[in-house]
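Contents: one structure, followed by commentary.
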2 protein chains.
Amino acid sequence: MGRTEIATLGEFGLIERLTGDITPLQGSTVKGIGDDAAILNYAGRRTLVTTDLLLEGIHFDLVYVPLKHLGYKAAVVNFSDIYAMNGRPEQITVSLGISKRFSVEELETFYSGVRLACEAYGVDIVGGDTTSSLTGFTISITCIGSVAEDAEVCRDGAKVSDLIYVSGDLGASYMGLQLLEREKAAWDGSGDFQPDFAGREYLLERQLKPEARKDVVEALAAQGILPTAMIDLSDGLSSDLLHICKQSKVGCQVYEERLPIDYQTAVMAETFNMNVTTVALNGGEDYELLFTVPLHLHEQMKGVEGVHLIGHIAKEEQGCYLMTRDGQEMQLRAQGWNPMAKE
Amino acid sequence: MGRTEIATLGEFGLIERLTGDITPLQGSTVKGIGDDAAILNYAGRRTLVTTDLLLEGIHFDLVYVPLKHLGYKAAVVNFSDIYAMNGRPEQITVSLGISKRFSVEELETFYSGVRLACEAYGVDIVGGDTTSSLTGFTISITCIGSVAEDAEVCRDGAKVSDLIYVSGDLGASYMGLQLLEREKAAWDGSGDFQPDFAGREYLLERQLKPEARKDVVEALAAQGILPTAMIDLSDGLSSDLLHICKQSKVGCQVYEERLPIDYQTAVMAETFNMNVTTVALNGGEDYELLFTVPLHLHEQMKGVEGVHLIGHIAKEEQGCYLMTRDGQEMQLRAQGWNPMAKE
């Protein structure tokens, strides 16, 4: 047997290789691998399923991530995938691999975060699996949700001339992570070390306690607007917008000057000597919604708060570009957060 | 914060402490934590959800578990949970944490096992998550299935005087594991070591490539028999029967002479100087179905092949006992395979 290193394929290439030729056997499988969530048809009601696996040392560092926040975030990122299908999360299962160094009280703290998220979003914990782990803390959460028939929004529906919107702001979570890493590096191991987070609370909150944009999904529904395509931002705007473009077989143009960036993100990028546009394009874990709507709904979109028009969909042959402030065209690349490639 | 060691609670005590007071928020949640699978009601059709987390070094040892078998087994144990609810598995999600030492080809081998199981049982792979792991190989599988309304069989429906049946035979998987461990210990690290498995193929197959008892569920349906309670044997007959008794608030009597044990299991237990009844009661991973049916269906049950009448349900105050060959009463204890307690 030959040996192909996983890093040569990357995460998406690997998934394509392992699952690319799978064809559904069950009539209840409407859509399988390749979107934010799978779509199942159980008795005419659309059921959504998504799952995430979080591993210590890869997805979180317990040196600076409080267990309660970790539980909250682990649940919310799954809800976000369901909202990104225009759905409503209803149930989760929580599986944990627990190392001996954890006490019952620490696990309760983690669980209290999961439960806080479930209460905030109206989701039930319906099952899971708990086992010991010889190594790090392992979290696997699966979320089941619902969406009305013909209301599901996939990644493949964007059309030429559609407008591209994004909710909230970009890059703050990534800057929060950089800040935490800096303070961890500065930590001398003593108990009375005081990390310097003054004035950076927003960045920390975006990294440690992100929210899913339930409000945006509800605001769109209230306006009677059904996006043509939607995805939640986990890998970064650039990477996630390319998912929509690739699956919709279209191109896009987004405008640098329109990228929503918080003041703290900009200041922090300056401090770290990073290009803030690069941070906005490639910083992961924003958990904002990126979606496209037909051009004629432009006026109606003004009734949806907290979202920003950042560009439009173009023909596939026009490619995917960022139009910079100084009038240059810069090709978008999937340089987002990708643990497989980083190995 | 106090520190309670997880080992003091055990797996079930821990789950109870973390989730005991959860009450459903969603109308679609029919039954949450505490059975083989959760029951959801999506538009009147019952949807089942179950999940398993498998960690290297805890649940499998890649020294002697071939990757294709591991993939097959990881899928099948989830199907088994759905069948144990009298359901039909329809979809799975597969999340993997992969260490750098794996090649793409090795992952394909693992995946070919998952896919073989899916084809054999008519199940679709609809999603998952793939990430790198700094430590061991991590597998999290969630299975979604369906069951007709009022046809779900839980653990809490056993009634006094019901008959207790178990499919297949007991303890073979555990003896297969002992055999593999023995040969691993005997292995000198050389490439030309030949493990001694002659005449023990059945035990290895039960450990490495178990099957879910779809056939038993179908045979029961063909006879028009709906069990009053059912569970699949993952922790061992004793532990799993106690789950039924505890949740149904009943006692039980099972007969040593009626426990179905394969010839190879008996011979191997003799070789290892183990009591074969203890192996049958406490050996885990049989993935057989244990279920109860009303006494008056005794004649009809003769039409169901491959199942064995091993005892009957008694009043709660009568306790849970094994009646030994020499007429003694031995209290059943949950001494099954429990990785949490073993730490």
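Bear in mind these aren't lab numbers, they're just calculated from the coordinates by the rules spelled out. Model, not experiment: these values are computed from the prediction. Don't worry about glycine lacking a Cβ; one is built from the backbone with ideal geometry, like all the others, and counts go over all protein chains shown.
Quick notes on this one:
- For A:Gly13, the label point sits 7 Å beyond Cα toward Cβ; its separations from the matching points on the remaining copies run 5.0 nm, from shortest to longest.
- Residue-averaged [θ]222 nm for the protein assembly as shown, counting only DSSP H segments that reach four residues, each worth -39500 (n - 2.57): -10000 deg cm²/dmol
- Neighbour-count ranking [beta-carbon atoms within 10 angstrom, fewest first] of B:Cys143, B:Cys320: B:Cys320, B:Cys143
- Shielding by partners for peptide B:56-65, expressed as the average number of C-beta atoms from other protein chains within 10 Å of each residue's C-beta, is 2.
- Violating pairs (Cα-Cα greater than 21 angstrom) within the set A:Lys73/A:Lys159; B:Lys214/B:Lys302; A:Lys73/A:Lys249; B:Lys31/B:Lys249; A:Lys100/B:Lys209; B:Lys73/B:Lys246: A:Lys73/A:Lys159; A:Lys73/A:Lys249; A:Lys100/B:Lys209; B:Lys73/B:Lys246
- Potential lengthening between A:Leu295 and A:Ser161 on full extension [0.36 nm per residue; Cα-Cα distance subtracted]: 47.6 nm
- Tail weight of P(r) past 22 Å, computed on alpha-carbon pairs of the stretch B:65-143, percent: 20 percent
- Furthest towards positive pole of dipole, A:Leu96, A:Ala212, A:Asn282, structure part the protein assembly as shown, Cβ charges: A:Ala212
- Projecting the Cα atoms of B:Leu70, B:Leu53, B:Val126 onto the dipole axis of the stretch B:6-147, where Lys and Arg carry +1 and Asp and Glu carry -1 at the beta carbon, places B:Val126 farthest toward the positive end.
- Diffusion constant of the stretch B:37-180 at 37 °C, which comes from Stokes-Einstein with the Kirkwood Cα-pair radius and 0.692 mPa s, µm²/s: 197 µm²/s
- Each DSSP beta bridge with both residues in the stretch A:6-147 is either parallel or antiparallel, and the antiparallel ones are about 75%.
- Anisotropy class of the stretch A:98-168 from Cα gyration tensor, a/c 1.5 cut: prolate
- DSSP-defined beta bridges in chain B - what % are antiparallel, rounded to 5: 80 percent
- Note on chain B: with a GNM built from Cα contacts shorter than 10 Å, the maximum mean-square fluctuation among B:His59, B:His308, B:His69 falls on B:His59.
- Annotation: amide H of A:Gly283 within the under-5 Å range of A:Leu237, sequence separation 5 or more or interchain, hydrogens built in the peptide plane.
- Separation between Cα centres of the stretch B:261-333 and the stretch A:34-53, rounded to whole Å: 40 Å
- Selected from B:Ser146, B:Ser103, B:Ser173 as most flexible by GNM, with chain B as the system and alpha-carbon contacts under 10 Å: B:Ser103
- Global form of the stretch A:1-100, assessed from the alpha-carbon gyration tensor, a/c cut-off 1.5: oblate
- In Hz, Karplus ³J(HN,Hα) per residue of the stretch A:7-22 (6.51, -1.76, 1.60; θ = phi - 60°; x = Gly, Pro): 4, 6, 9, x, 4, 6, x, 5, 4, 4, 5, 7, 10, x, 9, 6
- When B:Glu256, B:Glu149 are sorted by how many other C-beta atoms sit within 10 angstrom of their C-beta, beginning with the fewest, the order is B:Glu149, B:Glu256.
- Rh by Kirkwood over Cα pairs, then Stokes-Einstein D for chain A at 1.306 mPa s and 10 °C, µm²/s: 75 µm²/s
- For the stretch A:163-342, the spread of Cα coordinates along the three principal axes comes to 59, 35, 32 Å, biggest extent given first.
- Shortest-first nm distances, B:Pro24 label point to equivalent points in other copies (7 Å, Cα→Cβ): 2.5
- Gaussian network model of chain B, springs between alpha carbon atoms under 10 Å - residue of B:Ser234, B:Ser190, B:Ser28 with greatest fluctuation: B:Ser190
- Taking the convex hull of Cα positions in the protein assembly as shown, its mean projected area over all directions (nm²): 32.7 nm²
- The simple spin-label model puts a point 7 Å past each Cα toward its Cβ; for A:Asp326 and B:Ala151 those points are separated by 6.8 nm.
- Amide hydrogen neighbours beyond the local backbone of B:Glu288, cut-off 5 Å, H modeled: B:Leu233
- Shown in residue order for the stretch A:114-120 are the 3J(HN,Hα) couplings computed by the Karplus curve 6.51 cos²θ - 1.76 cosθ + 1.60 at θ = phi - 60°: 4, 5, 4, 4, 4, 5, 5 Hz (x for Gly and Pro).
- Placing a label point 7 Å from the Cα of A:Ile22 along the Cα-to-Cβ direction, the residues of the stretch A:33-52 with a backbone N closer than 16 Å are A:33-41, A:48-52.
- If only the Cβ of Lys and Arg carry +1 and only the Cβ of Asp and Glu carry -1, the dipole of chain B around its Cα centre is close to 540 debye.
- Sorted shortest first, the distances from the A:Asp215 label point to those of the same residue in the other copies are 5.8 nm; each point sits 7 Å from Cα along Cα-to-Cβ.
- Close amide-amide hydrogen proximity is noted between B:Phe60 and B:Leu55, each under 5 Å apart and 5 or more residues distant or on a separate chain (H modeled in the peptide plane; Pro and chain starts excluded).
- Here's the picture: charge each Lys and Arg Cβ at +1 and each Asp and Glu Cβ at -1 in the protein assembly as shown, and of B:Gly176, A:Gly251, A:Asn41 the one pushed furthest to the positive end of that dipole is A:Asn41.
- Dipole magnitude for the protein assembly as shown: about 440 debye, using +1 per Lys or Arg Cβ and -1 per Asp or Glu Cβ, origin at the Cα centre.
- Mean Cα-pair separation over length for the stretch B:8-65, i.e. relative contact order, pairs under 8 Å, 6 or more apart, %: 17 percent
- Inter-chain neighbour count for A:144-151: the average number of beta-carbon atoms from partner chains within 10 Å of each residue's beta-carbon is 2.
- Residue-wise HN-Hα couplings along the stretch B:129-143, as the Karplus relation 6.51 cos²θ - 1.76 cosθ + 1.60 with θ = phi - 60° gives them from phi, are 8, 10, 9, 7, 10, 7, 10, x, 6, 10, 10, 10, 10, 10, 10 Hz; Gly and Pro carry x.
- Shielding by partners, peptide B:113-122 (average Cβ within 10 angstrom, other chains): 1
- Assuming charge only on the beta carbon of Lys and Arg (+1) and of Asp and Glu (-1), the dipole of the stretch B:6-147 about its Cα centre is about 200 debye to the nearest 20.
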